[in-house]
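Data first, discussion second: the structure below is written as structure tokens.
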Amino acid sequence: MVRYTAAFANQKGGVGKTTSCINIAAAVAAKGYRVLLVDCDPQGNTTSGLGISKKEVRHTTYEGLLGEAVPQDCVLTTGVENLFLVPSTIQLAGAEFELIDMEKREGQMRRFLDGLTEDYDFAMIDCPPSLSMLTVNALTASDGVIIPMQCEYYALEGLSQLMLTIRKVKQLYNSRLSVLGILITMYNGRLNLSVQVLDEIKKYYADKLFPEPIPRSVKLTEAPSYGVPAVLYDKYNKGTQAYGKAAEEILRRTGFTAGG
Ligand code: ATP
Ligand code: MG
């Protein structure tokens with residue numbers, strides 16, 4: 001059983017979905033919660049970011065979604081205590097097509113998570129950069145969506161499309177879905193444009209914004225090459241500290257800690 005499922009989604013590429021998902025999951029796991037990361041992107045960045053070789057994985061998100069493996073058999077332990085992973089490889093790209101013929105194709109991730117025999121406090125799903133059937137499956141399985149975004153000119157255009165998709169999934173497939181928060185990533189407060197875009201986001205989504213943006217930080221980009229979440233590899237960096245705070249905010253907003 002999974003107590004709370006969160007999807008990290010934004011159809012725009014390279015906005016920090018994977019970095020946020022790995023580091024928040026690791027920060028939450030470090031507080032003693034059991035966290036299951038689900039790599040739902042054929043790029044498999046979450047998988048390699050945790051130092052897991054894609055050549056060696058047997059059961060992945062692909063088999064899990066298509067019902068070709070026992071759900072629990074798709075879960076790997078990682079080098080991090082309390083952090084578990086359902087890995088992904090490029091094979092997952094084919095799932096888009098294979099799901100087309102399935103009945104309740106949008107509900108396969110939910111069925112997979114419901115079939116897990118071990119208990120997890122959180123499942124955190126790293127989505128691909130598209131509003132494809134993989135993302136729809138992640139949203140249909142989730143209680144909340146975390147939207148990582150960069151403060152760039154086109155960010156807001158993409159955001160309204162994503163919000164529309166979230167509303168549709170909520171209407172059609174999953175009435176409990178809500179936006180858990182918008183997380184600003186790679187923020188540089190010295191850039192006028194970033195400040196302006198952030199002001200604009202605040203105008204429309206002030207109640208959804210996480211209190212602190214994640215600043216740009218080289219440590220966050222280096223960590224995947226060590227196969228370790230940055231929050232564990234360099235605890236005192238400003239980027240990793242910001243992820244620690246975002247993790248605390250998520251625990252509050254989901255009611256795991258007081259003040260939610
Ligand atoms: P995709 O859409 O391809 O899945 P993504 O949204 O998952 O991408 P990431 O892979 O997390 O985005 O990040 C894109 C790039 O930006 C990566 O090289 C990552 O290391 C870097 N990056 C992410 N967050 C930060 C940050 N706060 N500071 C500096 N670099 C960052
Ligand atoms: Mg990614």
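In summary, VAL195 fulfils each of the numbered conditions (1) modelled with pLDDT under 95; (2) farther than 22 Å from ILE24 by Cα; (3) β-branched (Val, Ile, Thr); (4) surrounded by 15 or more Cβ atoms within 10 Å (Cβ to Cβ) with the single exception of condition (4). Counted as qualifying within the range 150-231 are the helices (runs of 4 or more DSSP H) with 2 or more residues that are free of Cβ contacts under 8 Å to residues at least 60 places away in the same chain and closer than 24 Å to ASN137 by Cα, namely 155-172.
One line per residue, one yes/no per condition, for (1) farther than 15 Å from THR135 by Cα; (2) touching a Lys or Arg at 6+ places or on another chain (Cβ under 8 Å):
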| position | (1), (2) |
| --- | --- |
| MET1 | yes, no |
| THR5 | no, no |
| GLY32 | yes, no |
| VAL38 | no, no |
| THR46 | yes, no |
| LYS54 | yes, no |
| GLY67 | yes, yes |
| PRO71 | yes, no |
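Taken over the range 108-133, the criterion of being within 16 Å of ligand 2 (Cβ to nearest atom) and in a loop (DSSP other than H, G, I, E, B) is satisfied by CYS127, PRO128, PRO129, SER130, LEU131, SER132. The selection criterion, being basic (Lys, Arg), away from ligand 1 (no atom under 16 Å from the Cβ) and either within 27 Å of LEU131 (Cα to Cα) or assigned to a helix (DSSP H, G or I) (or both), does not hold for LYS245. Residues of the range 96-119 that are surrounded by 18 or more Cβ atoms within 10 Å (Cβ to Cβ) and hydrophobic (A, V, I, L, M, F, W, C): LEU99, MET109, PHE112, LEU113, LEU116. Against the definition (of a type in the set (A, V, I, L, M, F, W, C), away from ligand 2 (no atom under 16 Å from the Cβ) and at pLDDT below 95), how does LEU99 come out, yes or no? Against the criterion (of a type in the set (A, V, I, L, M, F, W, C), away from ligand 2 (no atom under 16 Å from the Cβ) and at pLDDT below 95), LEU99 qualifies.
For the range 1-55, filtering for residues that are within 12 Å of ligand 2 (Cβ to nearest atom), outside any loop (DSSP other than H, G, I, E, B) and over 20 Å from ASN137 (Cα atoms) leaves 3. Of the residues making up the range 58-68, those that are of a type in the set (A, V, I, L, M, F, W, C) and surrounded by fewer than 19 Cβ atoms within 10 Å (Cβ to Cβ) number 1.
Residues in the range 173-190 that are farther than 15 Å from MET149 by Cβ and either at pLDDT below 95 or not charged (D, E, K, R) (or both): TYR173, ASN174, SER175, LEU177, SER178, GLY189, ARG190. For the range 205-232, the set of residues classified as more than 30 Å from SER160 (Cβ to Cβ), within 13 Å of ligand 1 (Cβ to nearest atom) and either in contact with a Lys or Arg (Cβ under 8 Å, 6 or more places away or on another chain) or not polar (S, T, N, Q) (or both) consists of VAL218, LYS219, GLU222, ALA223, PRO224, TYR226, PRO229, ALA230, VAL231, listed by residue number. Screening PHE256 against (1) without any contact (Cβ under 8 Å) to a residue 60 or more places away in the chain; (2) aromatic (Phe, Trp, Tyr); (3) surrounded by fewer than 18 Cβ atoms within 10 Å (Cβ to Cβ) leaves a single unmet condition, (1).
Does the range 163-176 include one or more residues that are within 15 Å of ligand 1 (Cβ to nearest atom), within 19 Å of the chain's Cα centre (by Cα), of a type in the set (Val, Ile, Thr) and buried (at least 20 other Cβ atoms within 10 Å of the Cβ)? The answer is no; no qualifying residue exists. In summary, LEU220 fulfils each of the numbered conditions (1) more than 20 Å from GLY79 (Cβ to Cβ); (2) buried (at least 19 other Cβ atoms within 10 Å of the Cβ) with the single exception of condition (1). Residues that are touching a helix residue (DSSP H, G or I) at 6+ places or on another chain (Cβ under 9 Å) and surrounded by fewer than 16 Cβ atoms within 10 Å (Cβ to Cβ) were ranked within the range 80-95; the one that is farthest from ASN137 (Cα to Cα) is GLU81. The number of residues in the range 58-86 being under 27 Å from MET102 (Cα atoms) and either at pLDDT 95 or above or in a helix (DSSP H, G or I) (or both) comes to 20.
The values are calculated or read from the model by the stated rules, or taken from the named source; none is laboratory data. Please read these numbers as outputs of a predicted model, since none were measured by experiment. Note that we place each Cβ from the backbone using ideal geometry, even for glycine, and neighbour counts take in every protein chain shown.
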